[in-house]
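Novice: Before anything else, here's the structure in question.
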Amino acid sequence: MPSAPRIQQSSQGPAEQLQTLLTGFRDRVDGVRGVAVADRSGLPVASSFDTRANILTITAMATMAVQSSQRVYQNLALTGPTDIVMVGPDSTVFVSTVAESQLSVIVVLEGFANLGLVRIEVERLSRELSEVLGL
C-alpha cells in the first residue's frame, strides 16, 4: 500500500492540502470515480472527480442521505449511523460522517471497488481532514 503524501503545512494552504489528501485517497483505492468532502449543510469543501459531475448536487444529496439515515436510526432508538452505503447495479456511493457529523466524505465507486479498503481509507482520510481543518 503506498504511503500517504506528506502534507507540508508551511508550503501549502488548506485548499491545496485538501486536494493532496483527496489525490492520495484516490491513489490508494482502486475504482474511485470521485471523492468529495461536504460540510453539514451539504456545501462542498473539496472534491476530486474525473467526470463533469455537479459537485454541489452530489454533496447536497449525500448530506440529505446522511440526515435521512440518522432519522431512521433515531426512530428505531439506535445510535448512528456513521456510514451509509448505497449500492447500484454498476456503482456504489459510500458516505461517511466526520468530526461528529461536521463533515461528510462522499465516495463514488465502480461496482468492483473493495468496500473494506474504502472504509479503512475513509477513516484515514477523516483523521487527516480533521488535522488539516483543526476539527
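No lab work stands behind these numbers, since they all come straight from the coordinates. From a predicted model like this one, the values you see are computed outputs, not experimental measurements. All Cβ positions, even for glycine, are placed from backbone atoms using ideal geometry, and neighbour counts span all protein chains on display.
Novice: Let me have the relative contact order for segment 13-135, percent, based on Cα pairs under 8 Å that are six or more residues apart.
Specialist: Details: 193 pairs, mean separation 35.5, N = 123.
It comes to 29 percent, rounded to a whole number.
Novice: Okay, next question. Among Val93, Val35, Val107, whose mean-square fluctuation peaks in a Gaussian network model of the chain (Cα, cutoff 10 Å)?
Specialist: Val93
Novice: Could you give each residue of segment 52-67 its phi-based ³J(HN,Hα) in whole Hz, using Karplus coefficients 6.51, -1.76, 1.60 with θ = phi - 60°, and x for Gly or Pro?
Specialist: Ordered by residue, 3J(HN,Hα) equals 8, 4, 7, 4, 4, 5, 4, 5, 5, 5, 5, 5, 4, 4, 4, 4 Hz.
Novice: Further question on the same structure: Under 10 Å, Cα contacts only: if you run a Gaussian network model on the chain, which one of Ile120, Ile106, Ile55 comes out with the highest mean-square fluctuation?
Specialist: Comparing Ile120, Ile106, Ile55 in a Gaussian network model of the chain, the most mobile one is Ile120.
Novice: With θ set to phi - 60°, apply the Karplus curve 6.51 cos²θ - 1.76 cosθ + 1.60 along segment 76-85 and write out the HN-Hα couplings as whole Hz, x wherever there is a Gly or Pro.
Specialist: Coupling constants for segment 76-85: 8, 6, 10, 8, x, x, 9, 10, 10, 10 Hz.
Novice: Shifting gears a bit: Starting from the Cα of Thr79, move 7 Å in the Cα-to-Cβ direction to define the label point; list residues of segment 89-110 whose amide nitrogen is under 18 Å from there.
Specialist: Only 97-102 fall inside the zone, counting backbone N under 18 Å.
Novice: Work out from phi, with θ = phi - 60° and the Karplus expression 6.51 cos²θ - 1.76 cosθ + 1.60, the ³J(HN,Hα) of each residue of segment 119-126, listed in order in whole Hz, and give x for Gly and Pro.
Specialist: Taking θ as phi minus 60°, the curve returns 4, 4, 6, 5, 4, 4, 4, 4 Hz for segment 119-126.
Novice: Tell me which residues come under 5 Å, amide H to amide H, from Gly34 once H is placed; ignore anything under 5 positions away on its chain.
Specialist: Val108
Novice: May I pose another question? Using amide H atoms built 1.01 Å from N in the peptide plane, name the residues 5+ places from Leu103, or on other chains, whose amide H lies under 5 Å from its own.
Specialist: When sequence neighbours closer than 5 places are left aside, the close amide H contacts are Val98.
Novice: Check Ala53: other-chain or 5+ apart residues with amide H under 5 Å from its amide H, H built from backbone geometry?
Specialist: Under 5 Å from the amide H of Ala53 lies no amide H from a residue far enough along the sequence or on another chain.
Novice: Between Asp27 and Leu117, what is 0.36 nm times their sequence separation minus the Cα-Cα distance? Round to one decimal in nm.
Specialist: Values: separation 90, 0.36 × 90 = 32.40 nm, distance 1.23 nm.
Value of the extension gain: 31.2 nm.
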